[in-house]
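Take a look at the structure below.
The values are calculated or read from the model by the stated rules, or taken from the named source; none is laboratory data. Please read all numbers here as calculations on a predicted model, not as lab measurements. With ideal geometry, Cβ positions are generated from the backbone for all residues, glycine too; neighbour counts draw on all protein chains shown.
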Amino acid sequence: MDRSGAPATRVVPHFAPLRVRGGRHRLRRLLRHRRRAMAVGLAVTAAALFAAGPGGSEGPRGHPGTGRHSTATLRPPGEPRPAEMVTAPVRIADGPAAQLLRPGDRVDVIAADGGGSARVVAPGVRVIRVPDAEPTENGALVLLSVPRATATRLAGAGATSRLAVTLC
């Protein structure tokens, strides 16, 4: 033993090379069954694309249930229809206030008549777009995503009252 405290070196015995069994055969088997592997890959891809939903193959705008993957065909029988969302253009009386809105904001739409009374026509609806047009004396246009029944109430209230919004 050396005075440095390290043990003496030894000779490492010679080992035969390691051989993995079946490596060549796996490659041959994979090449032989590549058609099957390709078919499985295509089936998995098709299933993933189907699960992702329609990719631009929807029916005409404004006609729900005509697309390739419409909710009417995927809904179990007897289950109530979900509320169909539509885009409703709404003229807000206070144009500069409407210009403060951004897409994605949630707002309450309030109808105020000439007598000083007000009522909420559409609670908690989402702003889709605020067109870049300058607000006029008649107000500013805002596009909202609302259920179909609410769109009807908004159209009626817009014809008889001045509409305002509050941020939720």
(message) Going by what's in this entry, would T166 be described as modelled with pLDDT of 90 or more and of a type in the set (S, T, N, Q)?
(response) yes
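Going through R126, R153 one at a time, which residue ends up being part of a helix (DSSP H, G or I) and out of contact with any helix residue (DSSP H, G or I) (no Cβ under 7 Å at 6 or more places or on another chain)?
Exactly one residue qualifies, and that residue is R153.
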(request) Taking F15 as meeting all but one of (1) exposed (fewer than 10 other Cβ atoms within 10 Å of the Cβ); (2) at pLDDT below 80, write down the number of the exception. (result) (2)
(message) Quick test of your reading of the structure: E58 fulfils all but one of (1) at pLDDT 75 or above; (2) surrounded by 10 or more Cβ atoms within 10 Å (Cβ to Cβ). Name the failing condition by number.
(response) (1)
(request) Considering every residue within segment 38-45, establish whether at least one is assigned to a helix (DSSP H, G or I), at pLDDT 80 or above and surrounded by 11 or more Cβ atoms within 10 Å (Cβ to Cβ). (result) no
(message) I'd like the full set of residues that are surrounded by 17 or more Cβ atoms within 10 Å (Cβ to Cβ) and more than 15 Å from G95 (Cβ to Cβ), limited to segment 154-168.
(response) L154, A157, S161
(request) Could you tell me which numbered condition A140 fails, if it satisfies all but one of (1) part of a loop (DSSP other than H, G, I, E, B); (2) closer than 20 Å to C168 by Cβ? (result) (1)
